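The values are calculated or read from the model by the stated rules, or taken from the named source; none is laboratory data. Everything quoted here is computed from the prediction, not taken from an experiment. Cβ sites come from the backbone with ideal geometry, for glycine too, and all protein chains shown count toward neighbours.
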Amino acid sequence: MPRYHESIMKKEVLHYLNNHMEGVIVDGTLGDGGHTEFILKNTGPKIKVLGIDRDQFAIERAEKRLHRFGSRIRLVHGSFENLQSLVIQSGITKINGLLLDFGVSSSQLDTPSRGFSIRNDGPLDMRMDNSQITTAAILLEKLKDEELISILKNFGEERFAKKVVGAIRREQKKGPITRTSLLSKVVSEVIKPKRNSRIHPATKTFQALRIAVNNELEQIKIVLKDAVGLLDASARIVAISFHSLEDRIVKTFFRKEEKGCTCPSKIPVCICGNNQTLNILTRRPICPSTEELAMNPRSVSAKLRVAERVYV
């Protein structure tokens, strides 16, 4: 039996998405199908799930796990940035819930050939969708110094971006950096780990490159914007982020859509035409419980936020 990625905060996800007796819930980040399986097992027969993932390997793994649910599940290979077209192509006009889990799955991290792992040697790949061309190794080769520094600063929040890029360029004079182990070694030579820290010195560099390769932050902005038009009344968005960049995008979007009107307070009548579309249900993000952290330490940085569609 395959060993599947352990989806986090499944009970919390179900709690917020289980507010309709029938309809379609979209799992925009299907992965190994853990959240979807839990939803289908704990909801009635009139709840269906459309599972989307850009990783074809994930679709294949999830299909084996979920086929027993028959017509209640439909899987689609695609990116959630194309949520609107994927939903419409599936014959759906409105959805009753949307789950977005922005984390990298254990299946991806623990497979060296995917190129996500800092600690296991593999090709420097990092593509969520293997059909796309650009890998992390290609980015290192083609980007100018200032572009790479910007990526490390903006996507990895790496304070030592210039030092890291300098070390990368010195290594590239010997030959291209095409292995995860080599990049990890290069970064570790210029960034020393803090005493008693369990965080690898190359963590921020790997995060930044992964985000750049997969255009992750822009895709989050796109899917949130498109989701509003697809959500039926009282349908909810559940978003799970794993670092401050993702969480900031979700929090800012939810607040903007809840506020609606952007007119200055001195104007007595709204002229901007922006109506409230969401009602925030989690004023503070929900974090994993102590029990969950003990079972799944990788969930330590997870934050869950929820907003509900309103029509005014």
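The table below gives the values:
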{"read-out": "Residue match in the stretch 284-299 (condition: on the phi > 0 side of the Ramachandran plot and either touching a residue at least 40 places away in the same chain (Cβ under 8 Å) or assigned by TED's automatic domain parsing to the domain that holds Ile92 (or both))", "value": "no"}
{"read-out": "Enumerated strands (runs of 3 or more DSSP E) restricted to the stretch 225-312, each holding at least 1 residues that are under 20 Å from His5 (Cβ atoms)", "value": "231-241, 303-309"}
{"read-out": "Test: residue in the stretch 42-61 that is assigned to a helix (DSSP H, G or I) and touching a Leu at 6+ places or on another chain (Cβ under 7 Å)", "value": "yes"}
{"read-out": "Scan of the stretch 65-83 for residues that are out of contact with any strand residue (DSSP E or B) (no Cβ under 7 Å at 6 or more places or on another chain) and closer than 20 Å to Lys10 by Cα, ordered by number", "value": "Arg65, His67, Arg68, Phe69"}
{"read-out": "Scope the stretch 151-186; condition polar (S, T, N, Q) and surrounded by 20 or more Cβ atoms within 10 Å (Cβ to Cβ); matching residues", "value": "Thr180, Ser184"}
{"read-out": "Given (1) aliphatic (A, V, I, L, M); (2) over 18 Å from Arg309 (Cα atoms); (3) at pLDDT 90 or above, number of the condition Met1 does not satisfy", "value": "(3)"}
{"read-out": "Filtered residues of the stretch 68-98 (kept if more than 19 Å from the chain's Cα centre (by Cα) and part of a strand (DSSP E or B))", "value": "Ile73, Arg74, Ile95, Asn96"}
{"read-out": "Within the stretch 187-209, considering residues that are over 16 Å from Gly166 (Cβ atoms) and basic (Lys, Arg), the one surrounded by the fewest Cβ atoms within 10 Å (Cβ to Cβ)", "value": "Arg195"}
{"read-out": "Given (1) touching a strand residue (DSSP E or B) at 6+ places or on another chain (Cβ under 7 Å); (2) at pLDDT 95 or above; (3) surrounded by fewer than 23 Cβ atoms within 10 Å (Cβ to Cβ), index of the condition Gln56 fails", "value": "(2)"}
{"read-out": "Index of the failed condition, Gly103 passing every other in (1) of a type in the set (Gly, Ala, Ser); (2) in a helix (DSSP H, G or I); (3) in contact (Cβ under 8 Å) with a residue 60 or more places away in the chain", "value": "(2)"}
